[in-house]
Amino acid sequence: MQQISIEAAQPKLDLAVLKEFATKTIILGVLNLSDMQIESPESIAAKLREALRYVPPERLMVAPDCGMKYLPRAIAYQKLRAMTLGAAIVRESIG
């Protein structure tokens, strides 16, 4: 297995655990799907920057936590939009 998916938003996971997976590509869940509040792109970017302290950018992928199918479509869309905008903020900052 070359990848591992880690839900980090709902359990508010300490991202220092990522250093335990030194050879894996990390698929990092950044959307709390038990909360209808829409994350800001900036909060997503902050979570990704924190993950980048432990994982190089070429081994970090962004994803929602599990459970998108239970959200109303409009909420799911807005959360995914925030996720992609947050990832773009980080992508621009690292070149």
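The values are calculated or read from the model by the stated rules, or taken from the named source; none is laboratory data. The model shown is predicted, which means the values in this text are computed figures rather than measured ones. All Cβ positions, glycine included, derive from the backbone under ideal geometry; neighbour counts span all protein chains shown.
Residues in segment 10-45 that are farther than 19 Å from I89 by Cβ and small (G, A, S): A16, A22, S34.
For L48, indicate whether it is of a type outside the set (S, T, Y), modelled with pLDDT of 95 or more and touching a helix residue (DSSP H, G or I) at 6+ places or on another chain (Cβ under 6 Å). Yes; evaluated as a whole, the condition is true for this residue.
Every condition in (1) in a helix (DSSP H, G or I); (2) surrounded by fewer than 15 Cβ atoms within 10 Å (Cβ to Cβ) is met by I89 except one, and the failing one is (2). Among residues that are exposed (fewer than 13 other Cβ atoms within 10 Å of the Cβ) and hydrophobic (A, V, I, L, M, F, W, C), A82 is not included.
In the condition set (1) in contact (Cβ under 8 Å) with a residue 40 or more places away in the chain; (2) in contact with a strand residue (DSSP E or B) (Cβ under 9 Å, 6 or more places away or on another chain), E39 is compliant with all but (2).
Within segment 5-31, residues that are within 17 Å of A87 (Cβ to Cβ) have Cβ atoms under 9 Å from residues that are in a helix (DSSP H, G or I) and among the β-branched types (V, I, T) in these pairs: I6/V17; A8/V17; V30/I44; L31/I44, counting only partners at least 6 apart in sequence or on another chain.
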